1. Hey, does the stretch A:22-41 have a residue that's of a type outside the set (Phe, Trp, Tyr), within 19 Å of B:Pro90 (Cβ to Cβ) and out of contact with any Ser or Thr (no Cβ under 8 Å at 6 or more places or on another chain)?
2. Could you tell me whether the stretch B:88-104 includes any residue that is within 25 Å of the chain's Cα centre (by Cα) and not in a helix (DSSP H, G or I)?
3. Scan the stretch A:158-168 residue by residue and report those that are assigned to a strand (DSSP E or B) and either more than 16 Å from the ligand (Cβ to nearest atom) or among the polar types (S, T, N, Q) (or both).
4. Take A:Arg99 and decide whether it is surrounded by fewer than 20 Cβ atoms within 10 Å (Cβ to Cβ), touching a residue at least 40 places away in the same chain (Cβ under 8 Å) and closer than 30 Å to B:Ile94 by Cβ.
5. Only one residue in A:Gln74, A:Gln38 is of a type in the set (S, T, N, Q), more than 16 Å from the ligand (Cβ to nearest atom) and more than 7 Å from every other protein chain (Cβ to nearest Cβ). Which one?
6. Consider A:Val105 carefully, then state whether it is within 16 Å of the ligand (Cβ to nearest atom), open to solvent by less than 30 Å² (accessible area, probe 1.4 Å), touching a residue at least 12 places away in the same chain (Cβ under 8 Å) and more than 9 Å from chain B (Cβ to nearest Cβ).
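The values are calculated or read from the model by the stated rules, or taken from the named source; none is laboratory data. This structure is a prediction, so every number in the text was calculated from the model and none was measured. No Cβ is skipped: glycine too gets one built from the backbone with ideal geometry, and neighbour counts run over all protein chains shown. What goes into the accessible areas is simple: the full protein's heavy atoms, side chains included, and nothing from ligands, DNA or RNA. Shrake-Rupley method; radii C 1.70, N 1.55, O 1.52, S 1.80 Å.
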Amino acid sequence: MINYHPTDKQLQQFAEGNISSALALVVSAHCDVCSQCQEKVDDINAKLSSVIENIHAHEDKDPAFEKMLASIMQMPIVDTKPVVAPRIELDGRFFDVPRPLQRFVKHTGNWSHLLGKVWQAPVDLGDAGIANFIYMEKGGRVPEHTHRGTELTLVVDGEFSDGLADYDSGDFIVMDNEHIHSPHSNASEGCLVFSIVDKPLHFTSGIARLLNPFSHLFFK
Amino acid sequence: MLVGISLENKLQNTGKPKDCADEMSQLLLEVASQRCKRSYAKIFGYFAPRLRSYALKQMGNEALAMEMVQDTMTNVWQKAHLFNAEKGSPSTWIFTIARNIRFDMLRKLKNRKEDICSDDLWPILCEQTPDQNEVSLDEQVTLEQVGQLFNNLPDKQRAVIEAIYIDGKSQQEVADELAIPLGTVKSRTRLALQRLKDMLEAND
Ligand SMILES: [Zn+2]
């Protein structure tokens with residue numbers, strides 16, 4: 001079950017729109033699968049919108065508004081069509097992806113085999129951050145590392161542990177330079193996560209330290 | 001035809017939020033179903049000046065504020081059919097549209113080349129995907145067929161199958177109850193049914 005949620009402050013910033021795109025994306029993906037947090041966000045939205053209702057607006061006629069109104073009503077109605085949700089495929093297995101991440105499934109490059117039983121598919125978010133879908137097969141492990149910046153993770157499907165805690169589908173995880181961890185999955189179905197980092201990882205132990213000069217290539 | 005429509009800022013019930021919400025909901029419905037310009041002019045008359053004050057505070061610039069009002073109110077006109085009164089009040093819906101417009105405007109102003117837009121983050125202006133009722137028929141297995149095999153499922157898969165096939169709950173209800181994502185319920189259901197099928201075939 002979902003145990004790790006965004007903080008109330010992060011939900012507030014998300015509802016206000018005063019938040020970085022990367023954090024917003026992972027919070028949004030979490031809320032899509034966590035009805036508890038979605039309800040909180042709905043409540044915050046309702047509170048924020050009451051501010052607009054309580055504004056005492058001028059009642060004078062304004063020519064700028066008359067013009068705006070006329071030009072808007074000349075615009076055609078837009079028909080929106082629902083799209084079929086794309087799913088992620090890896091080795092013949094299909095994964096459902098939270099709605100906010102679905103558009104990026106198309107942008108997901110081919111899966112590449114990283115280390116051992118860990119797979120990675122990069123997602124191009126432009127300047128917003130360096131994002132990947134990462135899949136750990138049963139027994140797969142990402143070498144122990146800390147973070148030069150912030151690492152945001154949403155568990156899309158499955159379970160993993162990292163020496164700090166155990167995580168399940170839907171969990172929302174923020175890691176920074178105060179955390180050292182080594183994500184690994186012992187679940188029979190493995191674990192698919194979505195992660196965004198703003199700076200390359202810093203590997204901390206054993207032979208994996210040799211990866212550091214190249215860490216911008218792995219897990220970027 | 002349009003020229004004669006004046007801004008009707010005064011509504012009968014401006015004082016009481018609930019009455020105002022009901023009236024605005026009704027007006028939005030008329031815009032959605034009949035493209036009613038009179039109704040839209042009333043909505044515009046109420047929200048445009050308020051949005052301008054709000055946007056002016058947020059953007060600190062009259063031109064940007066008016067751009068934000070125009071984009072927001074254009075969406076209200078073009079996508080009124082996406083408003084759902086069960087999900088929230090008209091002012092909440094319009095506020096969230098304005099918040100999205102502002103989010104994209106600020107990123108554009110900062111010249112950030114980010115491939116994330118407000119529609120990804122707050123998909124309020126997207127049609128909900130109809131749920132293609134989950135598990136297809138050929139994946140379904142009756143419980144009589146399954147018998148003992150049922151107990152061989154991993155605990156988590158069995159819990160989901162029990163809730164859906166014995167208690168008759170929907171996948172969404174199971175997701176909410178177990179506090180797990182809907183996608184996880186779906187994949188557990190698929191995996192469990194597949195496993196049961198495999199076991200059945202092995203038993204034949
Ligand atoms: Zn949550």
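1. The answer is yes, given that some residue of the stretch A:22-41 is of a type outside the set (Phe, Trp, Tyr), within 19 Å of B:Pro90 (Cβ to Cβ) and out of contact with any Ser or Thr (no Cβ under 8 Å at 6 or more places or on another chain).
2. Yes, that holds for at least one residue.
3. A:Gly158, A:Phe160, A:Ser161, A:Asp166
4. Yes: the conditions hold for A:Arg99.
5. Selected residue: A:Gln74, the only one of A:Gln74, A:Gln38 that is of a type in the set (S, T, N, Q), more than 16 Å from the ligand (Cβ to nearest atom) and more than 7 Å from every other protein chain (Cβ to nearest Cβ).
6. no
Residue by residue, here is whether (1) part of a strand (DSSP E or B); (2) within 16 Å of the ligand (Cβ to nearest atom); (3) touching a residue at least 24 places away in the same chain (Cβ under 8 Å); (4) more than 19 Å from the chain's Cα centre (by Cα) holds:
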{"residue": "A:Trp119", "(1), (2), (3), (4)": "yes, no, yes, no"}
{"residue": "A:Pro122", "(1), (2), (3), (4)": "yes, no, yes, no"}
{"residue": "A:Asn132", "(1), (2), (3), (4)": "yes, no, yes, no"}
{"residue": "A:Tyr135", "(1), (2), (3), (4)": "yes, no, yes, no"}
{"residue": "A:Lys138", "(1), (2), (3), (4)": "no, no, yes, yes"}
{"residue": "A:Gly149", "(1), (2), (3), (4)": "no, no, yes, no"}
{"residue": "A:Gly170", "(1), (2), (3), (4)": "no, yes, yes, no"}
{"residue": "A:Val174", "(1), (2), (3), (4)": "yes, yes, yes, no"}
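Table: residues versus (1) assigned by TED's automatic domain parsing to the domain that holds A:Asn132; (2) farther than 27 Å from B:Leu106 by Cα; (3) within 16 Å of the ligand (Cβ to nearest atom); (4) touching a strand residue (DSSP E or B) at 6+ places or on another chain (Cβ under 7 Å).
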{"position": "A:Gln12", "(1), (2), (3), (4)": "no, no, yes, no"}
{"position": "A:Ala29", "(1), (2), (3), (4)": "no, no, yes, yes"}
{"position": "A:Val51", "(1), (2), (3), (4)": "no, no, no, no"}
{"position": "A:His58", "(1), (2), (3), (4)": "no, no, no, no"}
{"position": "A:Lys81", "(1), (2), (3), (4)": "no, yes, no, no"}
